[in-house]
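J.: Please read through the structure below; I'll follow up with questions.
Here, each number is a calculation from the coordinates, and none is a lab measurement. No experiment lies behind these values; they were computed from the predicted model shown. Heads up, the Cβs are rebuilt from the backbone with ideal geometry, glycines too, and the neighbour counts pull from every protein chain shown.
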Amino acid sequence: MMKKTILYAAVVGAISLGLSADAFATNGYQLIGIGQYAMGMGGAVVAAPDDPLSAAMSNPAGMALLRPQAAFSAEIFNPIRKGNFGAGEIGSHSNIYGVPAIGWVAPAFAKNWVFGGGIYGTSGMGVNYLQNLAPNPSMPMGGYAQGFSSINFMEMAPTVAWKVNHRLAVGATLNLAAEQVSFQQTATQYFPTGMSAPYPTSVPVQGGLNLSSPSWAYGVGLTVGALYRVNNMVTLGATYKSPMIFTPVTWQAGIQNLGHGVVGGPGQYSAHLNYPQQVALGIAIRPIPQWLVSVEGQWIDWHDTMNTFNIYGPWENGMSDFPLPMHWKNEWVANIGTQYTVNHWLQVRLGYCHGTNPIGNENISNNVILPAIMTNAITAGATQKLGMGWKLTEAYMHSFSVTNTGQPGTGPFGPEAPSTTMSENSYGVQVGYDF
């Protein structure tokens with residue numbers, strides 16, 4: 001019989017999505033930055049937003065300081081993941097994702113007021129593991145384990161901002177999002193049938209959690225931000241993002257046989273995948289007019305949204321839900337970015353992002369298909385002003401490989417220590433036009 005701990009590895013590799021607003025070389029399951037200016041600055045834009053995407057997604061007050069313009073961004077995200085469920089390290093076979101984004105800003109209904117926003121999406125993000133399992137006393141003929149997850153995510157961020165005076169700007173964004181989630185964590189065992197050749201000698205029996213029929217859920221949240229210009233050299237920025245609350249994700253699924261008497265019948269299963277509240281504070285300094293240095297700190301409240309993941313459904317023995325203990329901790333993120341204006345048509349950027357790991361080694365077996373372990377990333381970017389209002393921006397990001405390893409024997413499918421390994425790259429191009 002399968003161990004109950006199969007459940008604990010099962011939760012939503014789809015979450016490894018990249019999802020909510022400001023961190024793509026992922027802090028937890030968020031993106032470092034939306035748009036290539038933000039990416040080139042290492043995500044350090046809360047005090048220095050410079051285009052509609054960095055403003056709408058990071059600090060809406062920045063909209064009030066922009067001239068009317070539009071931006072179109074396309075990014076290729078390449079996370080490289082490996083996992084060990086206790087029976088040997090394997091790689092994920094889903095490693096390329098696209099991130100399109102559009103942003104705009106225009107005058108609004110009164111002097112010093114502007115309206116704008118951003119839209120971005122990710123497609124299919126998740127993992128896809130398939131691991132052969134050697135024969136053992138509980139699986140005398142062996143078998144295989146499958147860990148699969150996928151998420152499609154879209155967010156629209158309509159924004160209004162007001163330039164109060166020459167020093168202060170404020171803004172607010174309504175975060176409207178849709179997500180589609182599916183995941184599977186199952187083990188298939190082979191049992192002898194007692195039949196002789198030429199008849200089959202074994203029969204496959206599958207158990208685990210299989211919620212692979214996706215449906216859409218819809219969420220809403222709010223971002224408020226402020227920018228304060230201390231003097232010509234120093235600007236302060238701050239944002240607060242409320243939790244993004246989603247309707248339930250639902251799945252029509254068959255029997256869920258999790259072992260140790262935990263069984264669910266065919267029917268509808270559901271869960272909430274909400275996104276956490278967070279706070280960001282930043283300072284932007286211009287030692288000389290053509291040189292910008294931006295530093296930012298973020299706090300992300302993972303504990304409230306990723307401590308326990310409850311799956312509701314037609315569970316037997318009177319259970320209304322089955323809790324999956326994720327035990328994420330809150331995360332602190334530090335970002336630093338610098339930009340230098342070389343001449344009237346060229347700007348260059350470098351950035352660095354460091355995030356604490358919300359998943360401790362003691363909980364690796366609970367999160368094997370959720371490799372949200374990026375801790376250090378570097379970025380580079382540039383903008384070329386092409387004339388007649390057009391500009392082209394590029395960025396590259398690399399996060400360094402990190403491996404987290406749990407205790408031997410705590411993996412769901414074997415005696416080896418469970419582990420996750422991840423590194424990331426992204427490549428993006430953005431076209432902008434000033435009206």
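J.: What trypsin sites (Lys or Arg not before Pro) does the range 72-151 have in DSSP loop regions with at most 16 other beta carbons within 10 Å? Walk me through the numbers on the way to the answer.
T.: Working: sites: Arg81, Lys82, Lys111; in loops: Lys111.
When the trypsin sites (Lys or Arg not before Pro) of the range 72-151 are filtered for loop state and at most 16 Cβ neighbours within 10 Å, Lys111 remain.
J.: Averaged over all directions, how much area does the convex hull of the C-alpha atoms of the range 73-129 cover when projected, in nm²? Before the final figure, lay out each step's value.
T.: Details: hull surface 22.1 nm².
It is 5.5 nm².
J.: Full-extension gain between His272 and Thr403, please, as 0.36 nm times their residue separation minus the C-alpha to C-alpha distance.
T.: On the way: separation 131, 0.36 × 131 = 47.16 nm, distance 2.85 nm.
Computed gain between His272 and Thr403 is 44.3 nm.
J.: If amide hydrogens are placed 1.01 Å from N in the peptide plane, which non-local residues have theirs closer than 5 Å to the one on Leu31?
T.: Counting only residues 5 or more places away or on other chains, the set is Leu19, Ser20, Asp22, Ala23, Phe24.
J.: Follow-up. Which shape class, rounded, prolate or oblate, goes with the range 278-435 when its Cα gyration tensor gives a ≥ b ≥ c as root eigenvalues, a/c under 1.5 marks rounded, and past that a/b bigger than b/c marks prolate?
T.: Numbers: a/c = 2.66, a/b = 2.38, b/c = 1.12.
Since a/c reaches 1.5 and a/b is larger than b/c, the shape of the range 278-435 is classed as prolate.
J.: Percentage of Cα-Cα pair distances in the chain greater than 34 Å, rounded to whole percent? Walk me through the numbers before you get to the answer.
T.: On the way: 32321 of 94395 pairs.
For the chain, the share of Cα pairs beyond 34 Å comes to 34 percent.
J.: Work out, step by step, the length gained on full extension between Gln290 and Asn132: first 0.36 nm times the residue separation, then minus their alpha carbon distance; give nm to one decimal.
T.: Details: separation 158, 0.36 × 158 = 56.88 nm, distance 5.70 nm.
Taking Gln290 through Asn132 to full extension adds about 51.2 nm, to one decimal.
J.: If the limit is 28 Å between Cα atoms, which of Lys241/Lys391; Lys241/Lys329; Lys241/Lys385; Lys163/Lys385 go over it?
T.: Working: Lys241/Lys391 30 Å; Lys241/Lys329 18 Å; Lys241/Lys385 33 Å; Lys163/Lys385 26 Å.
Among Lys241/Lys391; Lys241/Lys329; Lys241/Lys385; Lys163/Lys385, the Cα-Cα distance tops 28 Å for Lys241/Lys391; Lys241/Lys385.
J.: Can you give me the long-range amide H partners of Ile80? Hydrogens built in the peptide plane at 1.01 Å from N, cutoff under 5 Å, separation of 5 or more residues or another chain.
T.: For Ile80, whose amide H was placed from the backbone, the distant partners under 5 Å are Ser423, Glu424, Asn425.
J.: Still on this structure, I have one more. Give me a comma-separated list of calculated 3J(HN,Hα) values for the range 285-290, in order, Karplus coefficients 6.51, -1.76, 1.60 applied at θ = phi - 60°, integers in Hz, x for any Gly or Pro.
T.: Per-residue couplings from phi come out as 10, 10, x, 9, x, 8 Hz.
J.: Karplus couplings for the range 41-55 from phi (6.51 cos²θ - 1.76 cosθ + 1.60, θ = phi - 60°), rounded to Hz, Gly and Pro as x?
T.: 8, x, x, 8, 10, 5, 9, 9, x, 9, 8, x, 5, 5, 6
J.: Could you state the number of Å between the C-alpha centres of the range 217-254 and the range 364-428?
T.: Centre-to-centre (Cα) distance: 22 Å.
J.: Oh, and also: Could you list which residues have their amide H under 5 Å from that of Met326, counting only those 5 or more apart in sequence or on another chain, with H placed in the peptide plane?
T.: Excluding prolines and chain starts, which carry no amide H, the hits are Thr308, Phe309.
J.: Given a Förster distance of 30 Å, report the FRET efficiency between Asn310 and Ile96 from their Cβ-Cβ distance, rounded to the nearest 0.05. Don't skip to the end; give the middle numbers.
T.: Working: r = 32 Å, r/R0 = 1.07.
According to the calculation, E is roughly 0.40.
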